[in-house]
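Colleague: Let me begin by handing over the structure; questions about it come next.
The values are calculated or read from the model by the stated rules, or taken from the named source; none is laboratory data. The shown structure was predicted, so the numbers you read here are calculated from the model rather than taken from an experiment. All Cβ positions, even for glycine, are placed from backbone atoms using ideal geometry, and neighbour counts span all protein chains on display. What goes into the accessible areas is simple: the full protein's heavy atoms, side chains included, and nothing from ligands, DNA or RNA. Shrake-Rupley method; radii C 1.70, N 1.55, O 1.52, S 1.80 Å.
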Amino acid sequence: MPSSRPSTSRRRAVLAVLGVLVATALAACSSNSKPSTTPAGGGSSGTATPVTVRLGYFPNVTHAPAIIGVENGYFQQALGQNKLETATFNAGPEAIDALFADSIDAAFVGPNPAVNAFQKSNGEAIRIVAGSTSGGAGLVVKPDITSAADLKGKKIATPQLGNTQDVALRSYLKSQGFNVDTSGGGDVSIIPQANADTLTQFVTGDIDGAWVPEPFFTRMQQEGGGKVLVDEKTLWPNGRFVTTQLIVATKFLEAHPDVVQDLIKGEDQAIKFISNSPADAQKAANDGIARISGKPLKDSVVTAAFGNMSFTLDPIASSLKKSAQDATDVGLLDSADVDGIYDLAQLNAYLTGAGQPEVQG
């Protein structure tokens, strides 16, 4: 009667097959336990758990890369499996309040709101990670004002006390020998107010001019009959100064640097679209403004405004540092110290990966 036990050679064969199966299974488990990785500049589509990015921006032509990045889907494409949520604001302080309240993770804002947020949080809350817009601001006045000397005794508006244009006006007036204060007194009466009110009051003659960003810089000329006394780009080296930049909550940047790099990639796609297809880009920006605000700008305004601006990932750090010093000099900031406000590691990683030169903070 034959034995019921398998032969030694057969047992060895079975054990060998089992060993191969176990090794294969372990290898499969190992390969599925981590997401695929992506080289620098290539995005974070391999992130294991999708991240929701809450991005703030304004329905304003100076935020054109942000608007187009949303409208044309460039941010979402770059984010891959991560999700984009957006919120819109009317002014920088509103966006900063939302970031402090943890309602958003990133925002496009002007230089002075970024500096205020940095200093109020003792350098902890935010980092500037990329540029966006340069130019597109200045002083528009009544036609009978032909020189800086004619500004004495006049009423000049700005968008908000301590905002970027308010600082620019105060610094300019100081350079011309005028004394002003924050309550509207002095040689020139500075009246901070909403840009829409400024345009109305300029038309009715209640104010004599305003230092404003686009599109009001153009609208005051086209609709209000004003003329440019100072185009701000003439005050800066090579005509370049930061108007809008991308800031990120420090804790979000530290937790998700790859996702921040994806935001930068999406912004770059929008900037390239503006450069390569200006007419289509202007339409996309105006469509986005209309969708948010309920009313588009006149095509002539959009065209002129885009002609006064340039768009770049370079944050033009030197101009922000000078603006902070100007704000200190006119009594709107206690200190011009902005050391540490920039974190351009993800921007430069993206630029290097795209074969472009790095920028400095």
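Colleague: Mind checking whether some residue in segment 145-157 is open to solvent by 20 Å² or more (accessible area, probe 1.4 Å), outside any helix (DSSP H, G or I), hydroxyl-bearing (Ser, Thr, Tyr) and modelled with pLDDT of 95 or more?
Modeller: Yes, that holds for at least one residue.
Colleague: Out of the residues in segment 208-237 that are of a type in the set (Asp, Glu) and in a loop (DSSP other than H, G, I, E, B), state the one that is farthest from TYR172 (Cα to Cα).
Modeller: Within segment 208-237, the first condition is being of a type in the set (Asp, Glu), and the residues that meet it are 208, 214, 223, 231-232.
Applying the additional criterion that residues be in a loop (DSSP other than H, G, I, E, B) yields 208, 214, 223.
Details: ASP208: 16, GLU214: 19, GLU223: 25 Å.
Checking each candidate, the answer is GLU223.
Colleague: Could you grab me the full set of residues in segment 289-344 that are buried (at least 21 other Cβ atoms within 10 Å of the Cβ), out of contact with any strand residue (DSSP E or B) (no Cβ under 8 Å at 6 or more places or on another chain) and under 21 Å from ILE271 (Cα atoms)?
Modeller: Of everything in segment 289-344, those that are buried (at least 21 other Cβ atoms within 10 Å of the Cβ), out of contact with any strand residue (DSSP E or B) (no Cβ under 8 Å at 6 or more places or on another chain) and under 21 Å from ILE271 (Cα atoms) turn out to be ILE289, LEU297, VAL301, VAL302, ALA305, PHE306.
Colleague: Continuing with this model, one more query. Scan segment 158-171 for residues that are at pLDDT 95 or above and outside any helix (DSSP H, G or I) and jot them down.
Modeller: Correct list: THR158 only.
Colleague: Continuing with this model, one more query. Restricting attention to segment 71-123, report how many residues are among the polar types (S, T, N, Q), open to solvent by less than 20 Å² (accessible area, probe 1.4 Å) and assigned to a helix (DSSP H, G or I).
Modeller: 1
Colleague: Still on this model: Filter segment 210-246 down to the residues that are open to solvent by 10 Å² or more (accessible area, probe 1.4 Å) and among the hydroxyl-bearing types (Ser, Thr, Tyr), then identify the one that is farthest from VAL188 (Cα to Cα).
Modeller: Going through the qualifying residues, I end up with THR243.
Colleague: Quick one: ALA255 ticks every box in (1) open to solvent by 30 Å² or more (accessible area, probe 1.4 Å); (2) of a type outside the set (D, E, K, R); (3) closer than 30 Å to PRO50 by Cβ; (4) touching a residue at least 12 places away in the same chain (Cβ under 8 Å) except a single one, so which number is it?
Modeller: Unmet for ALA255, out of (1) open to solvent by 30 Å² or more (accessible area, probe 1.4 Å); (2) of a type outside the set (D, E, K, R); (3) closer than 30 Å to PRO50 by Cβ; (4) touching a residue at least 12 places away in the same chain (Cβ under 8 Å): (4).
Colleague: crowded, with 17+ Cβ neighbours inside 10 Å, among the hydrophobic types (A, V, I, L, M, F, W, C) and within 23 Å of GLY307 (Cα to Cα): which single residue out of ALA249, ALA270, ALA279 fits that description?
Modeller: Working: ALA249 fails: within 23 Å of GLY307 (Cα to Cα); ALA279 fails: crowded, with 17+ Cβ neighbours inside 10 Å.
From the options ALA249, ALA270, ALA279, the qualifying one is ALA270.
Residue-by-condition table, conditions (1) out of contact with any His (no Cβ under 8 Å at 6 or more places or on another chain); (2) under 14 Å from VAL70 (Cα atoms); (3) not in a strand (DSSP E or B):
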| position | (1), (2), (3) |
| --- | --- |
| THR243 | yes, no, no |
| LEU253 | yes, no, yes |
| VAL259 | yes, no, yes |
| LEU263 | yes, yes, yes |
| ALA270 | yes, yes, yes |
| ILE274 | yes, yes, yes |
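Colleague: Looking for something farther than 21 Å from GLY56 by Cα, without any contact (Cβ under 8 Å) to a residue 12 or more places away in the chain and in a strand (DSSP E or B) - is there at least one such residue anywhere in segment 182-205?
Modeller: Looking for residues that are farther than 21 Å from GLY56 by Cα, without any contact (Cβ under 8 Å) to a residue 12 or more places away in the chain and in a strand (DSSP E or B), one finds at least one in segment 182-205, hence yes.
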